[in-house]
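Taking it in order: structure first as structure tokens, then the write-up.
All of the numbers you see were taken from the coordinates with simple rules; none came from a lab. These numbers were taken from a predicted model, which means no experiment stands behind them. Cβ placement follows ideal geometry from the backbone for every residue including glycine, while neighbour counts extend to all protein chains displayed.
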Amino acid sequence: MRIRDYLATRLHFVTAHLLAGALCIAVIQLDLLQTGGDGLTWGSCLYIATLHTVLLAFALALDYSKQRSFYNQMREITHAPNPLELVPLLPRGKTAEQRLVGEFANSAYSHHGSAVLARDKASQFHIDFTNRWAHGLKTPVSVIDLVVQQSRDAESVEDLRRLFDSIQEENERIIHGLDMMLGMARQERFSVDLFPEQVNLEKLAREVINKHKKEFIRYSIYPQVEVTAQSPWVETDGKWMAFVIDQLLSNAIKYTRVAGVDGTKQLLVRIEDDTGDQGDGGIPLDDYTVRLVVEDYGVGIPEQDLPRIFEPFFTGENGRLAPGSTGMGLFLADRVCRELGHRLTVRSKLGRGTAMTVVFSTRAITSGVAVNQTSPSFQ
């Protein structure tokens with residue numbers, strides 16, 4: 001910090017002090033003249049001005065010594081390639097102004113560090129998800145390639161039909177994987193893709209079930225929709241809720257078909273009035289109106305896995321029964337529900353089946369989303 005720059009910043013201070021000294025001499029001179037004195041001599045005036053100037057210079061020198069090191073360090077940090085990384089090297093402030101600047105710099109450094117960690121964590125999450133997603137798609141692609149090769153040796157139309165059914169099954173897995181990737185990408189800017197409206201849950205559930213009808217037929221699963229609620233209409237986003245129901249149905253199909261149950265298997269979708277027995281999620285019970293339950297009679301979830309089923313990439317013991325499991329379906333469904341102000345819960349018993357419940361609030365969009373959009377993701 002050059003002395004010229006320092007004096008430029010203190011110009012008003014120096015001017016005020018010199019003016020104050022001149023006024024003091026003038027006041028003393030007038031007072032002496034009014035009391036009949038001879039007034040100050042030029043030597044006395046010069047002495048007072050010199051004394052005042054020396055004291056002012058001493059004060060400026062002392063202040064300059066306090067400002068110089070802090071200013072120089074701040075200047076070096078400002079002109080560094082990565083200024084925020086050098087903030088911890090900033091010396092402790094000697095004045096209130098320096099301490100305030102230091103607090104501001106340290107606060108910015110802390111927020112920057114938190115943002116970098118969050119960004120790195122999100123980036124690593126996306127890398128892990130993409131790797132698992134790509135690895136998951138390799139299996140159906142390899143199976144399709146193998147089936148195509150086998151089709152060249154097919155001896156009958158029945159053999160070809162069986163091979164084409166296999167191709168269709170693997171293609172459905174690819175479509176499901178692509179839907180999951182698109183859903184993951186859309187969630188990055190959830191509020192931009194949000195369209196709250198009144199949605200008929202019964203109609204929406206039947207549309208999603210119809211999307212999976214080939215899988216239901218293939219695995220001999222009989223889906224049923226029961227509506228006991230006074231009204232199936234809820235406030236939500238139809239496209240996002242279709243995504244959630246699709247994930248819940250896909251999970252139900254996956255773990256019902258590996259349950260080893262002979263004959264026709266059942267899958268039930270219930271839309272019912274909420275009884276208020278699930279009001280432990282931070283939303284007043286009076287706001288709960290309707291819940292949608294997707295209940296299967298599959299393998300069920302082990303009790304020790306239940307607390308972790310909404311964690312990303314967690315497949316648990318059932319993941320070994322269905323090698324295509326990514327551990328992302330329920331994580332994404334739970335995240336969407338939270339963003340919409342709904343709540344996703346699970347009830348399961350090993351060997352007896354699983355019931356996934358989405359609880360809707362009358363103020364899901366107006367209160368739930370406003371809160372959840374500010375909450376961090378992937379933490």
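When the dipole is taken about the Cα centre of the chain, and only Lys, Arg (+1) and Asp, Glu (-1) are charged at their Cβ, what size is it in debye, to the nearest 20?
Here the size comes out at about 1040 debye.
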* Structure fact -> Computed ³J(HN,Hα) along region 185-193: with the Karplus parameters 6.51/-1.76/1.60, θ = phi - 60°, integer Hz and x for glycine or proline, the list is 5, 5, 6, 5, 10, 4, 5, 5, 9
* Amide H neighbours of LYS265 under 5 Å, counting only residues 5+ apart in sequence or on other chains, H built in-plane at 1.01 Å? -> ILE221, TYR222
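Return the calculated 222 nm mean residue ellipticity for the chain, to the nearest 500 deg cm²/dmol, obtained by summing -39500 (n - 2.57) across DSSP H runs with n ≥ 4 and dividing by the residue count.
The helix-only estimate for the chain comes to -19000 deg cm²/dmol at 222 nm.
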* Structure fact -> Percent relative contact order for region 1-113, counting Cα pairs under 8 Å at least six residues apart, stands at 21 percent
* Could you state the angle between the C-alpha long axis of helix 201-211 and the longest principal axis of the C-alpha atoms of the chain, as a value from 0 to 90 degrees rounded to the nearest 10? => 60 degrees
* **Max mean-square fluctuation residue, GNM over the chain, Cα-Cα springs under 10 Å, options LEU204, LEU11, LEU178** => LEU11
* Asked: Given the Cα-Cα distance of ARG68 and GLN266 and 0.36 nm per residue of separation, how much length would full extension add, in nm?
  -> 63.4 nm
* Taking 7 Å along the Cα-to-C-beta vector as the label spot, tell me the ARG308-ARG186 distance in nanometres, rounded to one decimal. => 3.0 nm
* Can you list the residues, at least 5 places off or on another chain, whose amide H is less than 5 Å from the amide H of GLU226, using H built in the peptide plane? -> VAL269, ARG270, ILE271
* Structure fact -> A chain fully extended from ILE127 to THR78 at 0.36 nm per residue, minus the present Cα-Cα distance, gains in nm 14.3 nm
* Straight-distance crosslink candidates among lysines, where the alpha carbon sits under 18 Å from LYS214 and sequence neighbours closer than 8 are dropped -> LYS254, LYS265
* **Peptides 234-244, 211-221 ordered by average Cβ neighbours within 10 Å, highest first** => 234-244, 211-221
* Structure fact -> From fewest to most C-beta neighbours within 10 Å, the residues ASP274, ASP31 line up as ASP31, ASP274
* Asked: Could you give me the ³J(HN,Hα) list for region 42-47, computed from phi with Karplus coefficients 6.51, -1.76, 1.60 and θ = phi - 60°, whole Hz, x at Gly and Pro?
  -> 5, x, 5, 4, 5, 5
* Over all distinct Cα pairs, what is the inverse of the mean 1/r for the chain, reported as the Kirkwood hydrodynamic radius in Å? -> 27.1 Å
* J(HN,Hα) series, region 114-128, from Karplus relation 6.51 cos²θ - 1.76 cosθ + 1.60, nearest Hz, glycine and proline x -> 5, 5, 5, 4, 5, 5, 5, 5, 5, 5, 5, 4, 5, 5, 4
* Could you calculate the contour length gain from GLU317 to ALA96, that is, 0.36 nm times the residue separation minus the distance between their Cα atoms, to one decimal place in nm? => 73.6 nm
* Structure fact -> Note on the chain: contact order normalised by length, alpha-carbon pairs under 8 Å, 6 or more apart, percent, works out to 12 percent
* Structure fact -> Tilt, helix 238-257 to longest principal axis of the chain (alpha-carbon atoms), in degrees rounded to tens, equals 50 degrees
* To do: Name the residues whose placed amide hydrogens come within less than 5 Å of the amide hydrogen of MET328, ignoring near sequence neighbours (fewer than 5 apart) on the same chain.
  => PHE313
